[in-house]
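Scroll down for the structure; my scribbles are underneath it.
The values are calculated or read from the model by the stated rules, or taken from the named source; none is laboratory data. Everything quoted here is computed from the prediction, not taken from an experiment. Cβ coordinates were reconstructed from backbone atoms using ideal geometry, including for glycine residues, and neighbour counts include every protein chain displayed. Side chains are part of the model used for accessible areas, which takes the heavy atoms of the whole protein and leaves out ligands, DNA and RNA. Shrake-Rupley method; radii C 1.70, N 1.55, O 1.52, S 1.80 Å.
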Amino acid sequence: EFVVRDAGTYWYHPHHNSSAQVGWGLYGPIVVEDPSDSPAFGDDLVLMLSDMTLDEAGQLLPKDNGGSFGDLFGREGSVLLVNGKVRPRPKVRAGKPQRWRVINAARARYYSMSLRGFTRLGGDNGLAERSQKLARLLVVPGERLDVSYTPSFAPGTVSALRWLPVDRGYSTAFGRQSETMMEIETVNES
């Protein structure tokens, strides 16, 4: 048992054999709500971003895959996950703001995403002093980001949230194309 004094978006993961265990999906979100948060933040959606690599038989690769360089520089998996799923399709209400609590649980992947309508509310240190309109989100490994997103698409529209390649210097997976992470289905506001 413990007392949480600070509202915000957090996550847990192991610190023993962390690279392998996080790669196997041993992590999860923790959301501490502040009763004084503005209702203008709208619907709440936690997005736990991660990736993994599977062999030809669909099995996880061994923990020593990539050797010590993999431990040092990280491993970018070949399968993108959002909340442990491949290409999930959450429903959003047309014109209704949503608070997205984005957590990057990947070991090495930088998540760069573009979707019209993002406003940054805060991140690792809680809410920001003032919000900021963003055309693109960049979330590095271990980082948390709180954003507001208001769907501007008509009900019945399905739009793709895409991962965009990032040149992070060493160990970048060059030649990768953008990839759909999830499909967002806009529904009526009610």
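Could you please let me know if S152 is open to solvent by 60 Å² or more (accessible area, probe 1.4 Å) and either hydroxyl-bearing (S, T, Y) or under 17 Å from the mean Cα position of the chain (by Cα) (or both)?
Numbers: open to solvent by 60 Å² or more (accessible area, probe 1.4 Å): yes; either hydroxyl-bearing (S, T, Y) or under 17 Å from the mean Cα position of the chain (by Cα) (or both): yes.
Considered against the rule, which asks whether it is open to solvent by 60 Å² or more (accessible area, probe 1.4 Å) and either hydroxyl-bearing (S, T, Y) or under 17 Å from the mean Cα position of the chain (by Cα) (or both), S152 comes out as yes.
Suppose the filter is among the polar types (S, T, N, Q), at pLDDT 75 or above, within 19 Å of W163 (Cβ to Cβ) and in contact with a Leu (Cβ under 6 Å, 6 or more places away or on another chain); does S50 pass it?
It is true that S50 is among the polar types (S, T, N, Q), at pLDDT 75 or above, within 19 Å of W163 (Cβ to Cβ) and in contact with a Leu (Cβ under 6 Å, 6 or more places away or on another chain).
Name the residues in the range 80-98 that are part of a strand (DSSP E or B) and in contact with a Ser or Thr (Cβ under 6 Å, 6 or more places away or on another chain), would you?
Step one: list which residues in the range 80-98 are part of a strand (DSSP E or B), which gives 80-82, 85, 91-93, 98.
Across the range 80-98, the qualifying residues are L81, V92.
Taking the condition of being β-branched (V, I, T), under 22 Å from K91 (Cα atoms) and either without any contact (Cβ under 8 Å) to a residue 60 or more places away in the chain or in contact with a Pro (Cβ under 7 Å, 6 or more places away or on another chain) (or both), how many residues in the range 125-159 meet it?
The first filter runs over the range 125-159 and keeps only residues β-branched (V, I, T), leaving 139-140, 147, 150, 157-158.
Checking the rest, the ones that are also under 22 Å from K91 (Cα atoms) come to 147, 150, 157-158.
Next, from what is left, pick out any that are either without any contact (Cβ under 8 Å) to a residue 60 or more places away in the chain or in contact with a Pro (Cβ under 7 Å, 6 or more places away or on another chain) (or both): 147, 150, 157.
Of the residues in that region, 3 qualify.
Name the residue that is surrounded by the most Cβ atoms within 10 Å (Cβ to Cβ), counting only residues in the range 100-133 that are among the aliphatic types (A, V, I, L, M) and modelled with pLDDT under 85.
The initial filter retains those residues of the range 100-133 that are among the aliphatic types (A, V, I, L, M), namely 102-103, 105-106, 108, 113, 115, 121, 127-128.
Adding the requirement that they be modelled with pLDDT under 85 leaves 108, 115, 127-128.
Values: A108: 21, L115: 19, L127: 16, A128: 12.
Looking at residues that are among the aliphatic types (A, V, I, L, M) and modelled with pLDDT under 85, I get A108.
Residue by residue, here is whether (1) under 24 Å from Y27 (Cα atoms); (2) in contact with a helix residue (DSSP H, G or I) (Cβ under 8 Å, 6 or more places away or on another chain); (3) not acidic (D, E) holds:
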site	(1), (2), (3)
V82	yes, no, yes
R87	yes, no, yes
V92	no, no, yes
K96	no, no, yes
S112	yes, no, yes
F118	no, no, yes
E129	no, no, no
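How many residues are among the polar types (S, T, N, Q), assigned to a loop (DSSP other than H, G, I, E, B) and within 24 Å of G122 (Cα to Cα) when one looks only at the range 20-57?
Within the range 20-57, the subset among the polar types (S, T, N, Q) is 21, 36, 38, 50, 53.
Checking the rest, the ones that are also assigned to a loop (DSSP other than H, G, I, E, B) come to 36, 38, 53.
So of that shortlist, the ones also within 24 Å of G122 (Cα to Cα) come out as 36, 38.
The qualifying residues number 2.
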